[in-house]
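The next block holds one structure in the form of structure tokens; read it before the comments.
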Amino acid sequence: MNKTAVYPGSFDPVTLGHLDLIKRATRIYGRVIVAVANNSTKSSWFSVEERLEMLKEATRGMDGVEVELFEGLVVDYARANNIHVIIRGLRMISDFEYEFQMALTNRRLAEDIETVFLMPSEKYSFLSSTLIKEVAMLNADISSFVPDSVVMRVNKKVSKLK
Ligand code: ADP
């Protein structure tokens, strides 16, 4: 059995919710590749290099976790790396519609690849990168939402944007 899964996303920036999911995924799949999307259609606060760096820092010391950059379709990335499982997170019912559409689209594109949904601990089920950026802009303390190494980077970005 292939024990590798890919967890794709924007991670703009990585949150404690993402990390919770990565930990859960490694318990099932031994090797988890966190794939950071270099996605030009989505406007992000952080460059793909910064997002990659933040994830590498945040997952340092976590066994079986690798962080990579990818461009284009997740299914193409998975195929090229002989991976048959895509991990996605489901926080709320509101995630469901989009995630369901994407999973079925990916299935149509690649029948041999399954999307597996994991739920975070309920204490992270409201967290999103977008929300964190919004409250950070309003000077909220975000230290209970993102890893320590990310707090400073977000605050720096906020002062640049203001
Ligand atoms: P994308 O732009 O691809 O949605 P994100 O970085 O926002 O990338 O999210 C990547 C994946 O992680 C998505 O499946 C999303 O639902 C999931 N996710 C994001 N935040 C959380 C969280 N707090 N708990 C669990 N899953 C999450």
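Derivation of every value follows stated rules applied to the coordinates shown; laboratory data play no part. The structure presented is a predicted model; accordingly, all values stated were derived computationally and were not measured. Cβ coordinates were reconstructed from backbone atoms using ideal geometry, including for glycine residues, and neighbour counts include every protein chain displayed.
Between rounded, prolate and oblate, where does segment 1-95 land on the alpha carbon gyration tensor, with a ≥ b ≥ c its root eigenvalues, rounded for a/c under 1.5, else prolate if a/b exceeds b/c? Verdict is rounded for segment 1-95.
Restricting attention to the chain, lysine pairs at least eight places apart or on different chains and with alpha-carbon atoms under 25 angstrom apart total 21. Of the chymotrypsin sites (Phe, Trp or Tyr not before Pro) found in segment 118-162, the ones in coil according to DSSP and having at most 16 other Cβ atoms within 10 Å of their Cβ are Phe126. Note on segment 2-52: with charges restricted to the Cβ of Lys and Arg (+1) and Asp and Glu (-1), its dipole about the Cα centre is near 340 debye. Under the convention that each Lys and Arg Cβ holds +1 and each Asp and Glu Cβ holds -1, the size of the dipole of the chain around its Cα centre is about 260 debye. Axis of helix 16-29 versus longest Cα principal axis of the chain: the two differ by about 20°, to the nearest ten degrees.
Both radii are taken from the alpha-carbon atoms of the chain; with Rh as the Kirkwood radius, Rg/Rh is 0.95. Taking GluC sites (Glu not before Pro) in DSSP loop conformation with at most 14 other Cβ atoms inside 10 Å as exposed sites, the chain has its longest uninterrupted site-free stretch at 1-70.
Please work out the Cα center distance from segment 1-48 to segment 85-113, rounded to the nearest Å. The two parts, judged by their Cα centres, are 14 Å apart. Against the chain, whose longest principal axis is taken from its Cα atoms, helix 93-109 shows a tilt of about 40°.
In order along segment 132-143, the phi-based Karplus estimate (6.51 cos²θ - 1.76 cosθ + 1.60, θ = phi - 60°) of 3J(HN,Hα) comes to 4, 5, 4, 6, 5, 4, 9, 6, 6, 7, 9, 5 Hz; Gly and Pro are listed as x. Legend: P(r) of segment 76-121 from all alpha carbon pair distances, 10 Å bins from 0, whole percents, reading 26, 51, 21, 1. Give the angle, between 0 and 90 degrees and rounded to the nearest 10, that separates the Cα long axis of helix 148-161 from the longest principal axis of the Cα atoms of the chain. With rounding to tens, the tilt is 60 degrees.
When you filter the trypsin sites (Lys or Arg not before Pro) in segment 1-42 for DSSP loop state and at most 14 other Cβ atoms inside 10 Å of their Cβ, you are left with Lys3, Lys42. Dipole magnitude for segment 97-145: about 100 debye, using +1 per Lys or Arg Cβ and -1 per Asp or Glu Cβ, origin at the Cα centre.
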